[in-house]
């Protein structure tokens, strides 16, 4: 039983420590009692890529700092599920396939601007975006004042335990 976090850096604006952010994501998911075979992707992209996603999925112009794409459907059946025989391509060794929680897409260039505006370090801003995106994958939102307050409070708790409290700079 594992929580797998796949991280990829597809931008050249800022150096990103993929292992660090994957560890933070794993710690947050475990803290939130996400168990079993779970997969999450963290993708760090440039402003052009996140602006395109922002327009395509939210209908908004320009780059943003973070987008979360929860996978809400049941996993697709494996390669041999029509006849349920054998272990063909796509079959899982256990009874259940991994739960694909979703993808968190972060733009380090926008995060750096936000960090400067909020007078925090870029690392602190990236940590916040990782946690924020994961909470969206777990079903939290900030559409109302009450939701926003709850989400921000949980972000602070998780960051204190797993970012600041973990000996991070």
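The values are calculated or read from the model by the stated rules, or taken from the named source; none is laboratory data. Values in this document were obtained by computation on a predicted structure and should not be read as measured data. Please note: Cβ atoms are built from the backbone with ideal geometry, for glycine as well, and neighbour counts cover all protein chains shown.
Test residue 28 against the criterion of being under 15 Å from the mean Cα position of the chain (by Cα) and not in a helix (DSSP H, G or I), and give yes or no. Taking the combined requirement at face value, the residue does not satisfy it. Scanning the range 10-19 for residues that are in contact (Cβ under 8 Å) with a residue 12 or more places away in the chain and either assigned to a helix (DSSP H, G or I) or surrounded by fewer than 18 Cβ atoms within 10 Å (Cβ to Cβ) (or both) gives 10, 12, 13, 14, 18, 19. For the range 100-145, the tally of residues that are out of contact with any helix residue (DSSP H, G or I) (no Cβ under 9 Å at 6 or more places or on another chain), in a loop (DSSP other than H, G, I, E, B) and either free of Cβ contacts under 8 Å to residues at least 60 places away in the same chain or crowded, with 22+ Cβ neighbours inside 10 Å (or both) stands at 3.
For residue 39, state whether it is modelled with pLDDT under 95, touching a strand residue (DSSP E or B) at 6+ places or on another chain (Cβ under 7 Å) and under 20 Å from residue 163 (Cα atoms).
Numbers: modelled with pLDDT under 95: yes; touching a strand residue (DSSP E or B) at 6+ places or on another chain (Cβ under 7 Å): yes; under 20 Å from residue 163 (Cα atoms): no.
No: the conditions fail for residue 39.
Every listed requirement among (1) touching a strand residue (DSSP E or B) at 6+ places or on another chain (Cβ under 9 Å); (2) at pLDDT 90 or above is met by residue 155 save one, (1).
Among the residues examined, residue 69 does not qualify as surrounded by fewer than 12 Cβ atoms within 10 Å (Cβ to Cβ) and farther than 26 Å from residue 160 by Cβ.
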